[in-house]
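Student: After the structure tokens below, expect a handful of questions from me.
The values are calculated or read from the model by the stated rules, or taken from the named source; none is laboratory data. As the structure is a prediction and not an experimental result, all values here were calculated from the model. All Cβ positions, even for glycine, are placed from backbone atoms using ideal geometry, and neighbour counts span all protein chains on display. Ligands, DNA and RNA are excluded from the accessible area calculation, which covers all protein heavy atoms including side chains. Shrake-Rupley method; radii C 1.70, N 1.55, O 1.52, S 1.80 Å.
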Amino acid sequence: MVHTAKTYSVEKVENGTILSPKGYQAGGMHCGLRYKKKDFGMLVSETPAAAAAVYTQSHFQAPPLKVTQESINDKGKLQAVAINSAIANACTGKQGLENAYQMRKMVADRFSLPEEYVAVASTGVIGEQLKMDEITKGCTSVEVSKQGAVDFQKAILTTDTCEKSACYQVQIDGETVTIGGAAKGSGMIHPNMATMLGFITTDASVEQDVLQRALSSSIDQTFNQITVDGETSTNDMVLALANGMVQHQPLDQNHPDWEGFQAALQKVCEDLAKQIAKDGEGATKLIEVNVAGAKTNQEAQIIAKKVVGSSLVKTAIYGLDANWGRIVGAIGHSDAQVNPEACDIYIEDQLVFSNGTPCQFSEEQASEDMSNDEVTIDIQLYEADGHGTAWGCDLTYDYVKINASYRT
């Protein structure tokens, strides 16, 4: 059955969280993996929820991701997610895998769930075994409630300087559907689905395979389009749950409100992705690169991410230097096809390069524009109608300081 297109409105929920959708509880606590900060979080759905996830493409995929994949592949549903920070449980061999399974079993036993209804995630230092006495304390003691969103958001952080959450609503069959999310990530950010974790909840009714396609599509244009330092983690994962607590006709691509749901999901992902990019280790500003007129959307995304990931571009923006040559350099060695004589580059509203040659512009005004918390670079290629966007941050002295002493 083919439905005619209809309009939809995606509304941002101010101060909304991962617990704004119906039927979810969460919490966080200090279980002892870190000196003082909260280091263990839990997310629980009142009913089994359709589950979808996208994982790091690292060859050294951490044991928690393998256990979570097994859970989702077995039932296609999840009801609880346990997350620890401080220790990534990556490159930990057979013992690390056994610890991840034990973590899953303890949560399942606590809530009387099948083990396959539990997902686990870890983030932090690579190569250290989990301290299982502390993990046991977290699995058995962390309190979850409708008021636990902030504690959950804090518990999953590592070098982040702030919590990250987002929430949007859309109408489905005349009913209000809510999509909320929380994420962590500040360094090792260059996802290919950094260290980054994202958790998304919705009360929409949608089957697992449909949710998986929607999540994968959204991530390609959001989380996969951010970069802080060009590094991909062993533990990257974005996990989405849909518990169907709002009564409407199940969503799929033929549903008249499908585009609205997809747009709302993508807004949540984009919001969280931009927060991660802006909170890059040592960063002072968010950089957005928009590419239009490329041969394909994929080529536009490649160029955008190449520019925003260039260390030379990032340092120039930190130094308030409108060095368009570094942008040209990044475009020039991307894997996309570009005609150098049909390329315009704007830094904020100023045209700095056009058709293969520089333009006269105000360096003083450009420096002033680049002193803002957010800086936009626009690239027009005049090849076709492909477009794409990527987000990143500037590169500062503090990035080196943070990572030089990460384990100490």
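Student: Counting only residues that are within 23 Å of the chain's Cα centre (by Cα), open to solvent by less than 40 Å² (accessible area, probe 1.4 Å) and over 20 Å from residue 223 (Cα atoms), how many does the range 366-408 have?
Tutor: 1
Student: For the subset of the range 331-364 comprising residues that are at pLDDT 95 or above and small (Gly, Ala, Ser), which member is surrounded by the most Cβ atoms within 10 Å (Cβ to Cβ)?
Tutor: 354
Student: Since residue 244 meets every condition but one in (1) within 26 Å of residue 401 (Cβ to Cβ); (2) assigned to a loop (DSSP other than H, G, I, E, B); (3) open to solvent by less than 40 Å² (accessible area, probe 1.4 Å), which condition does it not meet?
Tutor: With respect to (1) within 26 Å of residue 401 (Cβ to Cβ); (2) assigned to a loop (DSSP other than H, G, I, E, B); (3) open to solvent by less than 40 Å² (accessible area, probe 1.4 Å), residue 244 is out only on (1).
Student: Okay, next question. If only one of 124, 93 is open to solvent by less than 20 Å² (accessible area, probe 1.4 Å) and out of contact with any helix residue (DSSP H, G or I) (no Cβ under 6 Å at 6 or more places or on another chain), which one is it? Give the derivation first.
Tutor: Values: 93 fails: open to solvent by less than 20 Å² (accessible area, probe 1.4 Å).
Checking each option against the conditions leaves just 124.
Student: So, in the range 22-74, exactly how many residues are among the small types (Gly, Ala, Ser), open to solvent by 10 Å² or more (accessible area, probe 1.4 Å) and more than 27 Å from residue 204 (Cα to Cα)?
Tutor: 2
Student: Also, I was wondering about something else. Within the range 127-155, can you find the residues that are under 28 Å from residue 22 (Cβ atoms), surrounded by fewer than 24 Cβ atoms within 10 Å (Cβ to Cβ) and among the aliphatic types (A, V, I, L, M)?
Tutor: 144, 150
Student: Restricting to the range 143-185, and then to whatever is of a type outside the set (Val, Ile, Thr) and in a helix (DSSP H, G or I), can you tell me which residue is nearest to residue 81 (Cα to Cα)? It would help to see each step written out before you state the result.
Tutor: The initial filter retains those residues of the range 143-185 that are of a type outside the set (Val, Ile, Thr), namely 143, 145-149, 151-155, 157, 160, 162-169, 171, 173-175, 180-185.
Remaining after also requiring in a helix (DSSP H, G or I): 149, 151-155.
Values: 149: 14, 151: 15, 152: 11, 153: 13, 154: 15, 155: 13 Å.
Top of the filtered list is 152.
Student: A follow-up question, please. Scan the range 261-299 for residues that are under 20 Å from the mean Cα position of the chain (by Cα), open to solvent by less than 40 Å² (accessible area, probe 1.4 Å) and of a type outside the set (Asp, Glu) and report the count.
Tutor: Adding up the residues that qualify gives 19.
Student: Can I ask one more? Are any of the residues in the range 125-133 assigned to a strand (DSSP E or B), under 24 Å from residue 69 (Cα atoms) and out of contact with any Asp or Glu (no Cβ under 9 Å at 6 or more places or on another chain)? Before the answer, list the steps.
Tutor: Restricting attention to the range 125-133, the residues satisfying the condition of being assigned to a strand (DSSP E or B) are 125.
From what is left, the residues that are under 24 Å from residue 69 (Cα atoms) are 125.
Remaining after also requiring out of contact with any Asp or Glu (no Cβ under 9 Å at 6 or more places or on another chain): 125.
The answer is yes; a qualifying residue exists.
Student: Can you give me the ranges of the helices (runs of 4 or more DSSP H) entirely in the range 306-408 with at least 1 residues that are in contact with a helix residue (DSSP H, G or I) (Cβ under 8 Å, 6 or more places away or on another chain)? If you could, list the steps in order and put the result at the bottom.
Tutor: Values: elements: 311-318, 324-332, 363-370, 397-404.
Where helices (runs of 4 or more DSSP H) fall fully within the range 306-408 and carry at least 1 residues being in contact with a helix residue (DSSP H, G or I) (Cβ under 8 Å, 6 or more places away or on another chain), they are 311-318, 324-332, 363-370.
Student: If residue 158 satisfies every condition in (1) open to solvent by less than 60 Å² (accessible area, probe 1.4 Å); (2) at pLDDT 95 or above but one, which is the exception?
Tutor: For residue 158, the exception is condition (2).
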